[in-house]
1. For the stretch 67-82, which residues satisfy the criterion of being open to solvent by less than 40 Å² (accessible area, probe 1.4 Å) and free of Cβ contacts under 8 Å to residues at least 12 places away in the same chain?
2. Do you know which residues across the stretch 155-170 are modelled with pLDDT of 85 or more, open to solvent by 90 Å² or more (accessible area, probe 1.4 Å) and out of contact with any strand residue (DSSP E or B) (no Cβ under 8 Å at 6 or more places or on another chain)?
3. For LEU113, indicate whether it is hydrophobic (A, V, I, L, M, F, W, C) and either closer than 30 Å to TYR38 by Cα or surrounded by 10 or more Cβ atoms within 10 Å (Cβ to Cβ) (or both).
4. Quick test for you: out of LYS43, LYS85, LYS23, LYS32, pick the one residue that is more than 20 Å from GLU7 (Cα to Cα) and either open to solvent by 50 Å² or more (accessible area, probe 1.4 Å) or in contact (Cβ under 8 Å) with a residue 12 or more places away in the chain (or both).
5. Is it the case that the stretch 42-57 has a residue that's modelled with pLDDT under 85 and within 34 Å of the chain's Cα centre (by Cα)?
Amino acid sequence: MADLVCEKCGSKCIDERFFSTFKVAVCDSCKKSDQDQYALITKTAAMREFLLTAEELEDTQIFPHLVRPNPHKSSWHNMQLFLRKQVADFSVKKHGSLNKLEDNKVKKVERKLSSKEKRYSKKMKELRQKTRLDTSIGTRSRPARHTHDFEENDNGKLCRVCGFQINYEK
């Protein structure tokens, strides 16, 4: 540890915990001054911002990380904190460039919106069909009423078409 110097300013006072976890020799003042490179990022934020998968982030050879208790609720899973610089560098290698990463983010949002729209359209179509069926049950057209064609018999009258019979005494 005595021969290590800060990679930015050359100071010999490096952050030992940072070096032991992330293998990056940097002093506290440089770490604070360059928040973009040396900031810590959560697993969820890394997945969302840099389009990395959980499997990629769980590879400790590529991404060493700090584990901290979740500040929002102690019963939830522990937070995994990654070095933003390492995550960004891997993401650039994976996607080709920062521009391609941004394009992929836009495509992902468009796919998500398209999927939501398709689900919404499908649900609306089902609802319209169901509503149409429900309303058509009450207004369904009935067969035209026929006029009885009675013929006289011993007990009364009998319709020749439908067999309806009216009984009466003579």
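1. ASN70
2. The answer is VAL161, and nothing else.
3. yes
4. When all the criteria are applied, what remains is LYS43.
5. no
The values are calculated or read from the model by the stated rules, or taken from the named source; none is laboratory data. In this text, all values refer to a predicted model and were calculated from it rather than measured experimentally. Note that each Cβ is placed from the backbone with ideal geometry, even for glycine, and that neighbours are counted across all protein chains shown. Heavy atoms of the whole protein, side chains included, go into the accessibility calculation; ligands, DNA and RNA do not. Shrake-Rupley method; radii C 1.70, N 1.55, O 1.52, S 1.80 Å.
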